Amino acid sequence: MLEDKAAKLVSIEGGSREKKLLLIQCHTPPFVKPSETGKKCPGKPLELEAENAKLSARLSNCRCNEKEEKLDGRESGEVNPGGHETAKKKARDKISGYDTSTMNHHRRRFVALKIMYFGQRFYGFSSEGQMDPTVESEIFKALERTRLLIGDKKEIQYSRCGRTDKGVSAVGQVIALFLRSKLKDIDADNKNSGEIVSEEHNEGEIDYVRVLNRVLPNDIRIVGWCPVPNDFSARFTCLSREYKYFFWIDKLNLFAMESAGKKFIGEHDFRNFCKMDAVNVHNYRRHITSFEISPCKMRFEDNQLCAIKIKGSAFLWHQVRCMVAVLFMIGQGLESPNVIDVLLDIDRTPRKPQYPMASEIPLVLHSCEFEGLKFTCSTDAEQALRTHLENECQLYQLQAAIFHEALLSCLPLSNDAEINSDESYGMDGMEQTKESLTCSSHVEAN
């Protein structure tokens, strides 16, 4: 029997790979000991004890457990021959994102990112609510996927300029945070960053625009980036914010609307032009610096597209949409321009009247102004951004053409009216395309 055990050991150690995997199940053979009564065991006890000691020594030095782990791919994380992932790799894949605390040894720098997004499918910009998706959540997913984050939101000193609501878009949103850097001479905490860093100092840095835009969804794009001082705040350092609200003229009285809108300029209490947030807001005074209504280079048949442009130091919750809603009532002749004075007078109107807000879809955060900030991006990133925006413009033009074709097929038009309508749409389409390209070029230049 002892010879059988020895043969088994030799077969396992020198046999095939399948037999090696079975070695983990082997146990040390029981020793043959002299009888405790003092009687001699039959046979050759000394030789048996020597063989037992030799086999035990060989088994104790066996490392087949390590061989099995290597064959299963547990050390390398590779897929085993059967095509199944190892337990370690499966556990790693279950982890959402990655642990930013392990990235603290990397160099980092404090930067501002300029962002554009189309807000139709998002539940606002901020991810602090319970709804998803938000623009902010998509941005942080991209930052984690590209391994640019180092630490949590508190550690990276994250700040945002505007907190746009559900459905609102932006072409000039700005956020600030610490990101991973590959420059060796960048101070880890930007302690020496008392002013804006020159462009020459950015050579060799990570192309943040290109890297992030490759993983962001099509309706979010990084337009540019800029290094900023460590005391920079996208919210509190901002000098002014400008919103645009697009609308069709139809039969609105633009003169009455513009004369009424000029009454907003200056510092006023706008509690009657916002959604009340008594828990978080106690000061409703805001300063509006400019107001204007201008036509856009876009028409649909006989209807002209226009934009209301409002600029101010800061805005309350839903303030722009409430202001536009009252202006629309004035343009329709339902209210006098003097209603603006009445609503701005808190003594005469201490409580906000009930009226519906204007739609969120045409509202755009156009720009955020900062002193000394110059957003840049590489030539490759700029070209890729331009190509993406042009493709998106063409896609929406195709969708508009389909809707217009459906409109023509549903309405009984005479031949002359149909021809005029087609020609009008064709010119408008060209104007829209030119305007779209001009807008995309303007965004990249900024």
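Annotations
- Structure note, pairs Lys153/Lys275; Lys154/Lys309; Lys141/Lys182; Lys263/Lys374; Lys166/Lys251; Lys166/Lys263: Cα-Cα distances above 26 angstrom occur for Lys153/Lys275; Lys154/Lys309; Lys263/Lys374; Lys166/Lys251; Lys166/Lys263.
- Virtual spin-label span in nm between Asp380 and Ile249, 7 Å along Cα→Cβ: 4.7
- Here Thr379, Thr289, Thr134 are placed in order of increasing Cβ neighbour count within 10 Å, fewest first, which gives Thr379, Thr289, Thr134.
- Modelled spin labels at Arg214 and Gln332, positioned 7 Å past Cα toward Cβ, are 5.1 nm from each other.
- In a fully extended conformation the segment linking Ala401 and Ser126 would gain 95.6 nm over its present Cα-Cα distance, using 0.36 nm per residue.
- Computed FRET value (nearest 0.05) for Asn230 with Glu203, which takes r as the C-beta separation and R₀ as 25 Å: 0.70
- Net charge contributed by nearby residues that have their C-beta within less than 15 Å of Cys238 (K/R +1, D/E -1): +3
- The Leu411 and Tyr355 beta-carbon pair, evaluated with R₀ = 30 Å, returns a calculated FRET efficiency of approximately 0.35.
- Potential extension, Lys184-Glu369 segment - 0.36 nm per residue separation minus Cα distance: 63.5 nm
- Look at Lys251, Lys244, Lys153 and count the other Cβ atoms within 10 Å of each Cβ; fewest to most, that gives Lys251, Lys153, Lys244.
Throughout, read-outs are computed from the coordinates displayed, never taken from laboratory work. If you're wondering where the values come from, they're calculated on a predicted model, not measured in any experiment. Neighbour counts are summed over all protein chains in view; Cβ atoms, including those assigned to glycine, are modelled from backbone coordinates with ideal geometry.
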